[in-house]
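In what follows, a single structure is set out as structure tokens and then discussed.
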Amino acid sequence: MNSIEEYIQTVTSQVHFIWDRTAIAEELRDHLTDSAEALMEEENLSAEEAQAEAVKRMGDGKTIGQQFNQIHHPVIGWIWLITLSLAFIAGIALVGLTVNYAWDIFSCSFPVHPKAAVKIRDLNESVDMAGHVVRFDAVWEEQEDQLILTYRIQNKLNYSRSGWSVTLFQIVDQDGNEGVSPYFEGNSLLGSRGMIRIERPDSGKVKLTFIDGQQRILNVSEQEGQP
């Protein structure tokens, strides 16, 4: 080990915040190497002599290390490290929330497309409630006697929630048969989307009853011109 590395080891051993020792060592190494090279050129010294002289001119290693320790005090160092860690965690959390928010918007913006079903009618009906807007998109034929009604729910209030815990409407056909409980494909703070299965009514119409007392009749029969 040459005199520069011995000197650096003496200095850094006085620095109690070990996370800063590497940066201090690199700073000292660069400075002492440059000084030694200058001494070799200006005073025609050998490499060992130049390194020893550079170290000598730098001052006592323990004293210099104690000075570095005051600047890089462990308490200050830990505060800096904890602050940096918290900022990093907060940054990750912010990115996660942004991605989640964007996904919520995306997932609730498009109607559900049931598998193995054929669309027979676009509805484009909406019901405005106190904290929600319920939009009925379309009627699909899954089987000869079974239909699917697809819908989306937009939450207008930040604290309102549509999802498994909230039944905003019930659906009943003209014969009084209730539809199957809604299935939610997407659910978030911004809203949800889903579908509900109903028996094909003879009248071609179903009645919706909402939790705020509103009622709506929907035509679920096949559109004219369709088979």
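The values are calculated or read from the model by the stated rules, or taken from the named source; none is laboratory data. These numbers were taken from a predicted model, which means no experiment stands behind them. Neighbour counts are summed over all protein chains in view; Cβ atoms, including those assigned to glycine, are modelled from backbone coordinates with ideal geometry. When the accessible area is computed, the model is the full protein with side chains, heavy atoms only, and any ligands, DNA or RNA have been set aside. Shrake-Rupley method; radii C 1.70, N 1.55, O 1.52, S 1.80 Å.
Which count do you get for residues in the range 60-97 that are at pLDDT below 75, part of a helix (DSSP H, G or I) and touching a helix residue (DSSP H, G or I) at 6+ places or on another chain (Cβ under 7 Å)?
2
Report every pair of residues separated by at least 6 positions or lying on different chains whose Cβ atoms are under 7 Å apart, first residue within the range 8-25 and more than 19 Å from Asp60 (Cα to Cα), second aliphatic (A, V, I, L, M) and part of a helix (DSSP H, G or I).
Trp19/Leu81
Can you pull out the residues in the range 1-33 that are over 17 Å from Gln67 (Cα atoms) and among the small types (Gly, Ala, Ser)?
Residue satisfying the conditions is Ser3 alone.
Which residue is farthest from Leu84 (Cα to Cα), if the candidates are limited to the range 34-49 and must be open to solvent by 50 Å² or more (accessible area, probe 1.4 Å) and assigned to a helix (DSSP H, G or I)?
Quick first cut of the range 34-49, residues open to solvent by 50 Å² or more (accessible area, probe 1.4 Å) only: 34, 37, 40-44, 48-49.
The next check asks that each one be assigned to a helix (DSSP H, G or I); those that pass are 34, 37, 40-43, 48-49.
On the way: Asp34: 32, Glu37: 37, Met40: 42, Glu41: 43, Glu42: 44, Glu43: 46, Glu48: 41, Glu49: 42 Å.
So the residue we want is Glu43.
Taking the range 105-124 as the search range and keeping residues that are surrounded by fewer than 16 Cβ atoms within 10 Å (Cβ to Cβ) and closer than 20 Å to Lys207 by Cα, which one is modelled with the lowest pLDDT?
Filtering the range 105-124 for residues that are surrounded by fewer than 16 Cβ atoms within 10 Å (Cβ to Cβ) and closer than 20 Å to Lys207 by Cα, the one modelled with the lowest pLDDT comes out as Asn124.
Take the residues in the range 141-158 that are part of a loop (DSSP other than H, G, I, E, B) and within 20 Å of Val127 (Cβ to Cβ), then tell me which one is modelled with the lowest pLDDT. Let's see the steps before the verdict.
So in the range 141-158, the residues part of a loop (DSSP other than H, G, I, E, B) come out as 144-145, 156-158.
Now restrict to residues that are within 20 Å of Val127 (Cβ to Cβ): 156-157.
Values: Lys156: 67, Leu157: 58.
Residue satisfying both the conditions and the ranking: Leu157.
Being within 41 Å of the chain's Cα centre (by Cα) and either surrounded by 17 or more Cβ atoms within 10 Å (Cβ to Cβ) or aliphatic (A, V, I, L, M) (or both) narrows it down to one of Ala52, Ala25, so name that one. Walk me through how you get there before you give the answer.
Numbers: Ala52 fails: within 41 Å of the chain's Cα centre (by Cα).
The match here is Ala25.
I'd like to know if the range 192-211 contains one or more residues that are among the aliphatic types (A, V, I, L, M), open to solvent by 20 Å² or more (accessible area, probe 1.4 Å) and at pLDDT below 55. Explain how you work it out, then say what you get.
To start, the set of residues in the range 192-211 that are among the aliphatic types (A, V, I, L, M) comprises 195-196, 198, 206, 208, 211.
Still in the list and also open to solvent by 20 Å² or more (accessible area, probe 1.4 Å): 195, 211.
Now restrict to residues that are at pLDDT below 55: none.
No, because not a single residue in the range 192-211 is among the aliphatic types (A, V, I, L, M), open to solvent by 20 Å² or more (accessible area, probe 1.4 Å) and at pLDDT below 55.
Consider Gly186 carefully, then state whether it is assigned to a strand (DSSP E or B) and at pLDDT below 65.
Values: assigned to a strand (DSSP E or B): yes; at pLDDT below 65: yes.
Answer is yes for this residue.
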